[in-house]
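The values are calculated or read from the model by the stated rules, or taken from the named source; none is laboratory data. Computed from a predicted structure; not experimentally measured. Using ideal geometry, Cβ is built from the backbone for each residue, glycine included, and neighbour counts are taken over all protein chains shown. Note: accessible area is taken over every heavy atom of the protein model, side chains too, but ligands, DNA and RNA are not part of it. Shrake-Rupley method; radii C 1.70, N 1.55, O 1.52, S 1.80 Å.
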Amino acid sequence: MNNVVLILRSMLFMLAFAIITIGYGLAIVFSAKFVSELTLARIARNWGHVSLWLLRVICNVSYVIRGVEYLQHQPAVVLANHQSAWETLALRALLPLKHTWVLKSELLKIPVFGWALAILRPISIQRHLARQALKQVLLQGEQALNAGYTVVIFPEGTRKDTNELGEFNIGGAKLAERAQVSVIPIAHNAGTVWRRRSFIKYPGVIRMEISAPIEVIGKTAAEINQITQQWIQSTLAQSSSPP
């Protein structure tokens, strides 16, 4: 496809995406005192669905998913590879309403988007304070799980290139071990069409695979981490290019 067309489509999507993000963000901010947390989560879920629709209509980026039924197994710890901003839209749209994210605290400083994000009660950490961040993930994560929430963690910490899988931080596996809840690994190849630090959205089909829950009883955090990382690595190898 002509590069000019790609750029124009990407610009149009980003403009539309910014408008709806501000709109949904303000809706969450101004309604927070008057509606339930589940209603706020429904607003956020709708933002995810509309964003994915815009991406398909404007940029011809669609997706196929296998194993979506496993996401209904909750509470659980979801461990996903970190490759593209697309995963934020998709997981917000697909996960049960009762879920929370482990994310860097800097995101909460973004006007409107960050304000709304803070209202949704994420577990915000400062990544440079690794020991403190781990304690926070274990404490707040277990509280969330006990309250029936699924906890979403990107164990690589930062986004990686399409063909690269970073080392997994132990926090998510430790949380699952401590709370004795299942781990649900997720692998996707969204970076093939929406690359990290890239403005252009390339037409294509994103493939996301969701694993059956991994039971953690009798397993150490290191074993949980290894099993999860190996599954994601092998799944990515099978989907190294869009279908």
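One equal scatterer on each Cα of the chain, no solvent, Debye formula: the resulting log10 I(q)/I(0) at q = 0.18 Å⁻¹ is -1.52.
Given a cut-off of under 8 Å on Cα pairs at least six residues apart, what relative contact order in percent is computed for the chain? Relative contact order, the chain: 25 percent. Too long at a 30 Å Cα-Cα cut-off: which of LYS109/LYS201; LYS33/LYS109; LYS33/LYS201; LYS33/LYS160? Beyond 30 Å: LYS33/LYS201; LYS33/LYS160.
If you build the Cα gyration tensor of the range 42-98 and take the root of 5 times each eigenvalue, what three semi-axes come out, in whole angstrom, biggest first? It would help to have the intermediate numbers written out before the result.
Numbers: eigenvalues 84, 35, 22 Å².
For the range 42-98, the ellipsoid semi-axes come out as 20, 13, 10 Å.
The Cα atoms of the range 150-243 cover 43, 23, 21 Å along the three principal axes, with the biggest extent listed first.
Counting only protein heavy atoms and a 1.4 Å probe, tell me what percentage of the chain's accessible area is made up of carbon and sulfur. Kindly include the intermediate steps, with their values, before the conclusion.
Numbers: 6770 of 11840 Å².
The computed percentage sits at 57.
The chain: longest stretch without exposed GluC sites (Glu not before Pro) (DSSP loop, at most 14 other Cβ within 10 Å), sites themselves excluded?
Numbers: sites that count: GLU164, GLU167, GLU215.
Within the chain, the longest run free of exposed GluC sites (Glu not before Pro) spans 1-163.
When the charge dipole of the range 62-149 is built from unit charges on Cβ atoms (+1 for Lys and Arg, -1 for Asp and Glu) and taken about the Cα centre, the candidate among ALA80, PRO122, LEU95 whose Cα reaches farthest toward its positive end is PRO122.
Per residue, the chain exposes 49 Å² of accessible surface when a 1.4 Å probe is rolled over the protein heavy atoms with every protein chain present. Here the extension length gained between MET14 and GLU69 equals 16.7 nm, from 0.36 nm per residue of separation less the Cα-Cα distance.
Note on the chain: GNM, Cα springs under 10 Å; of ILE119, ILE170, ILE217, the largest mean-square fluctuation is that of ILE217.
Stretched out fully, how many nm does the piece from ARG121 to ALA222 gain, at 0.36 nm a residue minus the Cα gap?
Numbers: separation 101, 0.36 × 101 = 36.36 nm, distance 2.80 nm.
Additional length available on full extension: 33.6 nm.
Annotation: amide H of TRP101 within the under-5 Å range of ILE123, VAL152, sequence separation 5 or more or interchain, hydrogens built in the peptide plane. The largest-to-smallest principal axis extents of the Cα set in the range 80-180 are 32, 32, 28 Å. Multiplying the residue separation of ALA147 and ARG56 by 0.36 nm and removing their Cα-Cα distance gives an extension gain of 29.2 nm. Of SER51, SER31, SER182, the residue with the greatest mean-square motion in the GNM of the chain, using alpha carbon springs below 10 Å, is SER31. For the range 31-143, the spread of Cα coordinates along the three principal axes comes to 42, 34, 27 Å, biggest extent given first. Each listed q (0.27 Å⁻¹) maps to a log10 I(q)/I(0) for the range 1-49 from the Debye sum over equal C-alpha point scatterers, namely -0.94.
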